[in-house]
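Right, one structure below, let's go through it.
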Amino acid sequence: MKRLLLILLCSLILSTTATAQNDDEILAKINDSPLTIKDLDFQTRQSIEGLPRLIEDLRKRELQNEINKLLFESEAKTQKISVSKLLETNVLSRVSSPSAQQVEAVYQANQASFEGKTFEQAKSRIINYLRRESENQLSNDYAEKLKNTHKVVIGVDVNDLNLKPNDVLATIDAQTLTVERFNERLRPLEYNLSFDVYQQKQASVDNTIFSNLIFLEAKKRGVQPENIIQQEVTEKVKTPTEIEAKKFFDEQKPKPKVAFESAKTEVINFLEQRQIQNLQIALRDKLLRENKIQVLLKQPEPPILNIKFDANAPSKGNKAAKVTVVMFTDFQCSACAQTHPIVQEVLRKYNDRARLIVRDFPLTEVHENAFIAAEAAQAAHAQGKFFEYTDILYKNQNALDIASLKKYAAQIGLSPQRFASDLSGGKYAAAIRQSRLDGEFYGINSTPTIFVNGVKVLIAKPQDLQNAIEKALAKK
């Protein structure tokens, strides 16, 4: 029972929060009693206190990355080639595939993170991860080598508290990296760190509020806190019948690949946990209604970024629209598949006032077919049917192999010869890699990531996107 209380208090997340540095700052009020940072759990307090150090480390690391980029630009200029060609020759072409022993070692050391997947199921993900690690190391090694033939001068301390926009952080040959230019790069990354801490603080504030409400309710009833959980949750849980489990199993889309008998226990456990969660939410909502709660946290303001895209990028809507929605996506990402119809639904309401741009951000570290699916989508775009094609991709994320991609192209009437040629020739590979690099520059580390007029927006339901669009329209 106490374990159930612990699960309840740790798993429920209400909403609202912000980053505060003052331990006495009031984050919320419970029946006019203040809640401050000192009332939060130890781990959250540590995260709040450690945020400045995290930002310092980030700035040091990103300064080195920016210096490396300028070195590559200088060397490419010397050789009279593009930076992409330079890196292809000196970095990408030297990335070797990891050995079977290396892949096996990573799997054995990290089995818990693979969520029950077998070695064969996880292998491609591990290989992609190791190749990316190798690429990063080779890139850093090459940059160090270039320092022998290019003049690198380090300027002011990147973490000096009195930096001015025109202060020079580094000079590489004739190129200078100013604080203003560097901070443009850092803004989305620093925001990500602050937002992560904000979310952790939010969860802690919400759990602390709920925990206090449980104790207040227990005091009112003259019982122990765990009795509240027992009465309102534990005693109301009914074990799902096999008939209920079978009905739920049969309704799943896409249809499960395993037989019901082999999944029966797992399905019953899932339905039981869902019951518990719903009862917890009902209890939470009841206590919130019966008590006076004020949450005084403020979400960090996301920076307004200049999100660039090609004139011929896949798009829907009026090019002169007042609002531009840019979605960075991965066609093997389940969250992207869930968000895609939300975006489509909301944008239909705005006619010529909002426009959608789609950009690629294939998470090749975790999605084996994300890159080839992005190439296929671009090949479909070349024939004028990007959205028709990607609708199919999102609905068939378990079948994104080359044969399936060609089959989907035929279904919507694409030229099979042209599609196959574009897909096998790597015609769009460089553009897709650049799109991912651009996304990383904007601070993207997951998909989907959506920007509304340059402001990053979290989309959990249609209203979230609608609110962001309305806010953007109001500024015009």
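Nothing in this text is a laboratory measurement; each read-out follows from the coordinates by a stated rule. None of these values were measured; they are calculated from a predicted model. Cβ coordinates were reconstructed from backbone atoms using ideal geometry, including for glycine residues, and neighbour counts include every protein chain displayed.
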message: Between T149 and E345, what's the calculated FRET efficiency when r is the beta-carbon distance and R0 is 56 Å? Round to 0.05.
response: 0.55
message: Quick check: from the Cα gyration tensor, does the stretch 130-237 come out rounded (a/c under 1.5), prolate or oblate?
response: prolate
query: In nm, to one decimal, how far is the modelled label at R94 from the one at A112, with both set 7 Å along Cα→Cβ?
result: 3.7 nm
query: Calculated FRET efficiency, T36 and K60, Cβ-Cβ r, R0 35 Å, to nearest 0.05?
result: 0.65
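Could you give the dipole magnitude of the stretch 315-475 about its Cα centre, charging the beta-carbon of Lys and Arg +1 and that of Asp and Glu -1, in debye to the nearest 20? Spell out each step's value before the answer.
On the way: 20 positive and 15 negative charges, 131 e Å.
Using only the charged Cβ atoms, the result is roughly 640 debye.
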- prompt: How long is the stretch 48-149 along each principal axis, judged by its Cα atoms, biggest number first, in Å?
  reply: 49, 42, 19
- prompt: Taking 0.36 nm per intervening residue step and subtracting the Cα-Cα distance, what contour gain separates K322 from A399 on full extension?
  reply: 24.0 nm
task: Kindly rank 313-323, 371-381, 110-120 from highest to lowest mean number of other beta carbons found within 10 Å of each residue.
output: 371-381, 313-323, 110-120
query: Is the shape of the chain rounded, prolate or oblate, going by the alpha carbon gyration tensor and its root eigenvalues a ≥ b ≥ c, with a/c under 1.5 for rounded and a/b larger than b/c for prolate?
result: oblate
- prompt: List the lysines whose alpha-carbon lies under 19 Å from that of K246, not counting same-chain residues fewer than 8 positions away?
  reply: K238, K255, K257, K264
Antiparallel bridges, percent of DSSP beta bridges restricted to the chain (to nearest 5): 75 percent
- prompt: Where a ≥ b ≥ c are the square roots of the eigenvalues of the C-alpha gyration tensor, would you call the stretch 230-332 rounded, which needs a/c under 1.5, or, failing that, prolate if a/b is larger than b/c, or oblate?
  reply: oblate
statement: The FRET efficiency for F119 and D285, from their Cβ-Cβ distance with R0 = 41 Å and rounded to 0.05, is 0.40
field: 27 Å Cα-Cα reach of K475 towards lysines, excluding residues that sit fewer than 8 places from it in its own chain
entry: K298, K308, K316, K319, K322, K349, K456, K461
Cross-link partners of K201 among aspartates and glutamates (Cα-Cα below 14 Å; sequence separation of 8 or more within a chain): D23, E25, D39, D41, E49
- prompt: How would you rank 326-339, 255-268, 32-45, highest first, on the average number of other Cβ atoms within 10 Å across their residues?
  reply: 326-339, 32-45, 255-268
task: Looking at the stretch 301-449, send over the antiparallel percent of its DSSP beta bridges, to the nearest 5.
output: 30 percent
